[in-house]
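To start, the structure itself, in structure tokens.
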Amino acid sequence: MLDNPLAVRRAAMDLLARREHGRIELARKLRQRGAGEALIEEALDRLAEQGLLSEARYLESFIRSKAMAGYGPLRIREELAQRGLPRADIEVALSSSGFDWAERLRQVWERKFAELPGDARERARQGRFLAYRGYPQDMIGRLLSGR
């Protein structure tokens, strides 16, 4: 039970020491540990003022980790939206991430398949896999047609 400001701050710092968190995610985890709403808001405001809690850093970290794991912009965008982050912030972070999504798509495809589909069934299978990973259909089409 987190019933004082120091305990809430310590719990938040422990979570932030492991990895970056978004404000909503961090608040949810603190709530699960039994912290009161007022204590959570106060602690998160102070952490944000001190630069220890940063939505921008969280977005950057999340996008980088998902992209390196082979996921595309559509899937990353959706996962961030489900975590309660504003769409506008997500769009800015994705566009400034510096990833060449067509190149990431090619790398994921090469690692999984390495050869262009020989028939429509195989083309559909590869396309479904890449779409599930979160890449746009137009990009997938260009890749699988050899362009």
inquiry  = Would you confirm whether or not the range 86-109 contains a residue that is of a type in the set (Phe, Trp, Tyr) and closer than 14 Å to Tyr132 by Cα?
reply    = yes
query = Which of the residues belonging to the range 78-102 are open to solvent by less than 60 Å² (accessible area, probe 1.4 Å), of a type outside the set (A, V, I, L, M, F, W, C) and in a helix (DSSP H, G or I)?
reply = Glu79
ask   = Among the residues of the range 17-50, which ones are open to solvent by less than 70 Å² (accessible area, probe 1.4 Å), aliphatic (A, V, I, L, M) and farther than 20 Å from Glu79 by Cβ?
value = Leu30, Ala35, Leu39, Ile40, Ala43, Leu44, Leu47, Ala48
request  = Look through the range 51-75, keep the residues that are outside any loop (DSSP other than H, G, I, E, B) and more than 21 Å from Arg18 (Cα to Cα), and return whichever of them is most open to solvent (accessible area, probe 1.4 Å).
outcome  = Leu74
Residue that is most open to solvent (accessible area, probe 1.4 Å) [pool: residues in the range 105-147 that are among the hydroxyl-bearing types (Ser, Thr, Tyr) and closer than 25 Å to Glu78 by Cα] = Tyr132
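The values are calculated or read from the model by the stated rules, or taken from the named source; none is laboratory data. Given the structure is predicted, the values throughout are model-derived calculations rather than measurements. Positions of Cβ are backbone-derived with ideal geometry, glycine not excepted, and every protein chain shown enters the neighbour counts. When the accessible area is computed, the model is the full protein with side chains, heavy atoms only, and any ligands, DNA or RNA have been set aside. Shrake-Rupley method; radii C 1.70, N 1.55, O 1.52, S 1.80 Å.
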